[in-house]
Structures are given as C-alpha cells and as structure tokens.
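Q: Handing you a structure now.
The values are calculated or read from the model by the stated rules, or taken from the named source; none is laboratory data. This is a predicted model, so every value here is computed, not measured. Note: ideal-geometry Cβ built from the backbone for every residue, glycine included; neighbour counts use all protein chains shown.
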C-alpha cells in the first residue's frame, strides 16, 4: 500500500539555482510503502497505482518509467509543457489507450489484465471532464447528463432523458442543481456558453457518484473568470463527495491551490512528485523551461 | 537595394509527372475514339434535333393525357420515397458494421464495405431488371431496386460520416463505462445526424431521378410512358413526359436543398 502524501521530501529551502536540483529535491520516493510515512498521515486506501508506465507513438517516446500512487480523496495535479504526455498519461490511467510498459491498478483492478466487462464495471466508478467538455451538441442538457449513468445502467432507456427511468432523471436533475443549471435542462447543448457547457460536463461526470474523477485541462477553453468559477465548483463538489481527483492544468495557481500533490512531467519522465503546499508558482514554472 | 527573390510563376513538372500527364491525355483520346466521337455527326445532328423538336412541340397537354401522366408521376414519387426510406433505414445498421473503429472488427468493416461497393457498382436499372424477374413487373420491383441502390449509397456515406465525427463525446462516455453500442447511439449517431440527413436528402433526389427511368424495364413509374411515346413516335406525349420529369426533379432538388439548409443550418 502506498502513502503518497507522506513523501521523503527534501527541504526546498536550499539552493534552487538548478531546476534539475529542485526537481530531484521535490521528487517523492516512488512507491514508498505505507509504513515509511505512517508517522505523518493516516494510511488511506490507494485508488490509483501506476508502476513503470511507458508510452510511445510511432517510435517517439512520450514518457517512460512513470510510477506513483494516489490515495482515496486525494487531488493530484499533473503539470508539464505541451507534448510531455499529460493527456496520454491520463488516458493510460483510464485504460482508454494501452501503455507500452508498466501497470495501472485502479480501485483494485489491474487495468492491463481486466476483461472488457471488468473495465466497464471499473469505469462506471470514474468520471471524466475534458478540455472541450465533449457534450453531444444536438441533444438536451438533461440527456447529456443522463448519459453519465450509462456505465451503471446500460441500454436504450438511458439513450435519452425521454426514456430514462424516473430515478435517473431525478439524479440528473440533482446533478444539474449542484452546478446551478436546472433552468437549462431542456436547452440543446450547443446553445450553451463555454462555462455552462463545462458545468454540464461536470454534472455528467458526477451524476454516477464516481470514486475517481479525471479532468483534462477543464478550464483551457474558458476565460480566466469562468475558469476560476468552474474549478471552484468542480473541487467543491469533488471534496463534498470525497472523490479522488486527477487533473491536468497549465494554470499554476490552480495546480497549487486545488491539488494536494503535483506531478510534473518533463523530458519524458516524471520529474516532480511533491506536495502542493511545498511548492511555489515560480518553482513550478521552472518545470516548463 | 537588396535583391528580391521571386518564385517562378509555373513549376516545371518532374519527368514522372510529365509522363503521367501524357498518359492521361492518351487515355482520354482513346476513350473518345472508343465512344465513337465524330465531329461530322456533331455537325450534322442539329437539323435532326431540330426535326425532333419540331415534331415534339407543342407537347401533348390534353387533360386526359396529363391526368394519366400525372398519376404515373405520383406512382414514380411513391416508388422513390418508399424505396429511399427503406434504404435509409436499412443503411444505418449496415453502416455501423462498415464504420471502422465503432462496434465491429476490422474484417467485418472490410467485408461490409466490399459488399456495399458491389451494390453501388451495379446500376439501378440492372437492379430493377433483377427484381422484375424476382417479384414480377410493376412498381414493387422498382421500389426494391431503389431501396438496394440507396443502401449502397447511404451505407457507405453513413459509415464515412460516423468515422469522421469528433471522438471527444464518445471518449467521455467510454470513460464512464458505457458499452460500445450505447456510445454509438448516444454520441456517434447524434453527432453524425446532420450528415445523415444531408446524405438522405441526396439519396431521395437520386431515387427520384432513378425512378423516372425504371419504367423502361417494367419496374413501374412514368418511364414506361416515355418508352411508349418514343416507340409509337408520339413525340408530343414523350415531350410532356420529359418536361414533367424535369419539373418534378428540379422541384424535389429545391425542396431538398431548402430542407437541408433548415435542418443542418441550425447547427452552429
């Protein structure tokens, strides 16, 4: 079992002249057994464990030897420059694309060894919010949120809100209530603003009461104010539900204020695994140099 | 003053490209020869064409004839509409099997695409001949021919439309554990529906054009009137048929274009 929030973290107060130095200092001891940090924090169940993940496309190595663990209820920000494989890593964690090497265990299921049926069962316990919200444009907001229940309730009745069972419609409306969009339930998804669309995507991700939430740059297509609103809403709901959150962000302040931990990808490696509270925006920016 | 570099107005073709152009020209000239292209005949045809026009005009506008032709045109449209609707409905599950990366294995995609290619390769008039043999003379044979022809057309384009939709919504549903069929029904098909509607309207236009000539082989519709008109040298009646077909086909194309704009134009 891991205790990822109890790292063997070297103090950052020493020299920060060299980025590599800094990154090495903030790097967690990967896959530390729970007892290593047991004196600092209660041991929580590990929801996600990645070991030695590697991925390449067309002979180009995206990343390799990526290992980390995430405890129940933890919020982890993944940062790094464009092309460092953040989204690819997220997709590998969800099993949407296979890793070339390594293992991912999520909620006790080994993704590499799981049958398609087991994968569907596992995924019914996770939610995804994407950069472009990914709503189905011609369908109503309510139908889009009802779709978030398809993993748990497959079949024709959840293809549209018109056929959905009363319980599912109520759950979807409750999710819309949480994101403040009940009044737009019947509106077509392509008639929404960017911020509204992302709120609907959050409602869709949360309607099935997932244990793990993934968010791939959820504010990238929004203006700063809308982005801040969406992040605040997203995390208030996620915290309320006690959900483990993995999110990608290029916004340093979001990564530091909403993440308990920050994972930094650079040069095809996991170069940083540190508590958000131990980092500054300036230090995080060095990862992009 | 600094020298400015100007690119050449025309790029010199490579030797391979030059050979390619030359080969294409030879093939085109060879096709003209094979098609019996004759400048002499082109020059001598206007008087004959004028003679036909002279004998065909004025078209036969007798109420009794127009009523008969009108009912045949209605039957033609019925054949086209019924065949196109059946063809579009049947095309959807077939397109699901033909579309790569959706619900079927690659070998199934390839097999279905090959079958659709075969259907398209056979002309609609040939399908009509086959169905006249299978179900007898009359509009039902024509409707079946239109339906099969529509499947060949829509099956392929629906599959292409579904392959081309943005994958994001499908990925979001897959990530929450939805089954492949649910993902297709909830994300892929709704996203492809504007393209489906556009393709279906083109299929209807094509069906109307096709159905006007299926009567030539006894598969119902107004085509039989055209054949009889020419066989009996009743050119005024034949001209009435031709004009009626032109009016109806152009009308359907306009309606289809209007419907396409109204339905698809609403999407941002």
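Q: Kindly provide the set of residues from region A:217-236 that are in contact with a helix residue (DSSP H, G or I) (Cβ under 6 Å, 6 or more places away or on another chain) and surrounded by fewer than 22 Cβ atoms within 10 Å (Cβ to Cβ), ordered by number.
A: Matches in region A:217-236: A:221, A:222, A:226, A:235.
Q: Still on this model: What do you reckon, is residue B:193 over 17 Å from residue A:128 (Cβ atoms) and within 10 Å of chain A (Cβ to nearest Cβ)? Working first, answer last.
A: Numbers: over 17 Å from residue A:128 (Cβ atoms): yes; within 10 Å of chain A (Cβ to nearest Cβ): yes.
It is true that residue B:193 is over 17 Å from residue A:128 (Cβ atoms) and within 10 Å of chain A (Cβ to nearest Cβ).
Q: Which count do you get for residues in region A:172-190 that are within 24 Å of residue A:247 (Cα to Cα), over 22 Å from the mean Cα position of the chain (by Cα), modelled with pLDDT under 90 and in a helix (DSSP H, G or I)?
A: 1
Q: Name the residue that is nearest to the chain's Cα centre (by Cα), counting only residues in region A:90-106 that are more than 12 Å from chain B (Cβ to nearest Cβ), part of a loop (DSSP other than H, G, I, E, B) and more than 17 Å from residue A:69 (Cβ to Cβ).
A: Checking each candidate, the answer is A:98.
Let's see how each residue does on (1) modelled with pLDDT of 90 or more; (2) assigned to a strand (DSSP E or B); (3) surrounded by fewer than 15 Cβ atoms within 10 Å (Cβ to Cβ):
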{"site": "A:17", "(1), (2), (3)": "no, no, yes"}
{"site": "A:47", "(1), (2), (3)": "no, yes, no"}
{"site": "A:50", "(1), (2), (3)": "yes, yes, no"}
{"site": "A:61", "(1), (2), (3)": "no, yes, yes"}
{"site": "A:70", "(1), (2), (3)": "no, yes, no"}
{"site": "A:77", "(1), (2), (3)": "yes, yes, no"}
{"site": "A:84", "(1), (2), (3)": "no, no, no"}
{"site": "A:113", "(1), (2), (3)": "no, no, yes"}
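Q: Separate question: Does residue A:72 satisfy being free of Cβ contacts under 8 Å to residues at least 60 places away in the same chain and under 27 Å from residue A:145 (Cβ atoms)?
A: Details: free of Cβ contacts under 8 Å to residues at least 60 places away in the same chain: no; under 27 Å from residue A:145 (Cβ atoms): yes.
Here the answer is no, as residue A:72 does not meet what is asked.
Q: Scan (1) buried (at least 24 other Cβ atoms within 10 Å of the Cβ); (2) away from chain A (no Cβ under 14 Å) for the single condition residue B:148 breaks and write down its number.
A: Exception for residue B:148: condition (1).
Q: With respect to residue A:176, determine if the residue is under 17 Å from residue A:134 (Cα atoms), buried (at least 19 other Cβ atoms within 10 Å of the Cβ), in contact (Cβ under 8 Å) with a residue 24 or more places away in the chain and away from chain B (no Cβ under 14 Å). Write out each step before concluding.
A: Working: under 17 Å from residue A:134 (Cα atoms): yes; buried (at least 19 other Cβ atoms within 10 Å of the Cβ): yes; in contact (Cβ under 8 Å) with a residue 24 or more places away in the chain: yes; away from chain B (no Cβ under 14 Å): yes.
It is true that residue A:176 is under 17 Å from residue A:134 (Cα atoms), buried (at least 19 other Cβ atoms within 10 Å of the Cβ), in contact (Cβ under 8 Å) with a residue 24 or more places away in the chain and away from chain B (no Cβ under 14 Å).
Q: Taking residue B:76 as the residue in question, decide whether it is outside any loop (DSSP other than H, G, I, E, B), within 24 Å of the chain's Cα centre (by Cα) and under 30 Å from residue B:252 (Cβ atoms). Give the steps one after another, and end with the answer.
A: Values: outside any loop (DSSP other than H, G, I, E, B): yes; within 24 Å of the chain's Cα centre (by Cα): yes; under 30 Å from residue B:252 (Cβ atoms): yes.
Yes, satisfied.
Q: Next question, about the same structure. What's the number of the condition residue A:192 fails, among (1) surrounded by 14 or more Cβ atoms within 10 Å (Cβ to Cβ); (2) closer than 23 Å to residue A:231 by Cα; (3) away from chain B (no Cβ under 13 Å)?
A: Result: residue A:192 passes all but (3).
Q: Would you confirm whether or not region B:162-184 contains a residue that is more than 14 Å from chain A (Cβ to nearest Cβ), assigned to a helix (DSSP H, G or I) and either at positive phi or without any contact (Cβ under 8 Å) to a residue 24 or more places away in the chain (or both)?
A: Initially, region B:162-184 is screened for residues more than 14 Å from chain A (Cβ to nearest Cβ), giving B:163-164.
Still in the list and also assigned to a helix (DSSP H, G or I): B:163-164.
Filter again for either at positive phi or without any contact (Cβ under 8 Å) to a residue 24 or more places away in the chain (or both), leaving none.
Checked against the condition, which is being more than 14 Å from chain A (Cβ to nearest Cβ), assigned to a helix (DSSP H, G or I) and either at positive phi or without any contact (Cβ under 8 Å) to a residue 24 or more places away in the chain (or both), region B:162-184 yields no hits at all.
Q: Working only within region B:170-181, note down all residues that are more than 31 Å from the chain's Cα centre (by Cα) and within 18 Å of residue B:98 (Cα to Cα). Give the steps one after another, and end with the answer.
A: The first filter runs over region B:170-181 and keeps only residues more than 31 Å from the chain's Cα centre (by Cα), leaving B:171-180.
Within region B:170-181, B:180 is the sole residue that qualifies.
Q: Would you check which residues across region B:105-145 are without any contact (Cβ under 8 Å) to a residue 40 or more places away in the chain and crowded, with 21+ Cβ neighbours inside 10 Å and list them?
A: B:127, the sole residue that qualifies.
Q: Of all residues in region A:122-136, which are at the interface with another protein chain (Cβ under 7 Å from one of its Cβ atoms) and part of a loop (DSSP other than H, G, I, E, B)?
A: Residues satisfying the conditions are A:124, A:130, A:132, A:134, A:135, A:136.
Q: Among all residue pairs at least 6 apart or on different chains, which show Cβ distances below 8 Å where the first residue, located in region A:107-120, is free of Cβ contacts under 8 Å to residues at least 12 places away in the same chain and away from chain B (no Cβ under 12 Å) and the second is surrounded by 13 or more Cβ atoms within 10 Å (Cβ to Cβ) and part of a strand (DSSP E or B)?
A: Taking only residues 6 or more apart or on different chains, the pairs are A:110/A:103; A:110/A:104.
Q: Within region B:228-256, work out how many residues are in contact (Cβ under 8 Å) with a residue 24 or more places away in the chain and over 18 Å from residue B:59 (Cβ atoms).
A: 3
Q: Which condition breaks for residue B:100 when tested against (1) over 15 Å from the mean Cα position of the chain (by Cα); (2) at pLDDT 90 or above; (3) farther than 17 Å from residue B:225 by Cβ; (4) in a helix (DSSP H, G or I)?
A: Among (1) over 15 Å from the mean Cα position of the chain (by Cα); (2) at pLDDT 90 or above; (3) farther than 17 Å from residue B:225 by Cβ; (4) in a helix (DSSP H, G or I), residue B:100 violates only (4).
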